[in-house]
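All remarks here apply to the structure that follows.
The values are calculated or read from the model by the stated rules, or taken from the named source; none is laboratory data. Being a predicted model, the structure only gives us computed values, none of them experimental. Side chains are part of the model used for accessible areas, which takes the heavy atoms of the whole protein and leaves out ligands, DNA and RNA. Shrake-Rupley method; radii C 1.70, N 1.55, O 1.52, S 1.80 Å.
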Amino acid sequence: MQCVKQFIFNNCVPIKRGEITKNYEFNDGGTFKKTIVNFVFDDYKIQYLH
């Protein structure tokens, strides 16, 4: 798999993050938590890689 394009965002700032549930179970330590994050940005460009 090879990266063929990049999206470059200017003045990108997170504005809202979903709830993160905390779990203190020993076996769940070190696992990655997923959440949705909303961003605002001024503009973006697409750079195609060859």
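Things to note:
- Cα point-scatterer Debye curve for the chain, base-10 log of I(q)/I(0) at q = 0.13, 0.23, 0.31 Å⁻¹: -0.58, -0.89, -1.10
- Of all accessible heavy-atom area on the chain, the percent that carbon and sulfur account for (1.4 Å): 55
- Relative contact order of the chain, taken over Cα pairs closer than 8 Å and 6 or more residues apart, is 61 percent.
- In sequence order, calculated HN-Hα J values of region 40-50 (Karplus, 6.51, -1.76, 1.60; Hz; x Gly/Pro): 10, 8, 6, 7, 8, 9, 10, 10, 8, 9, 10
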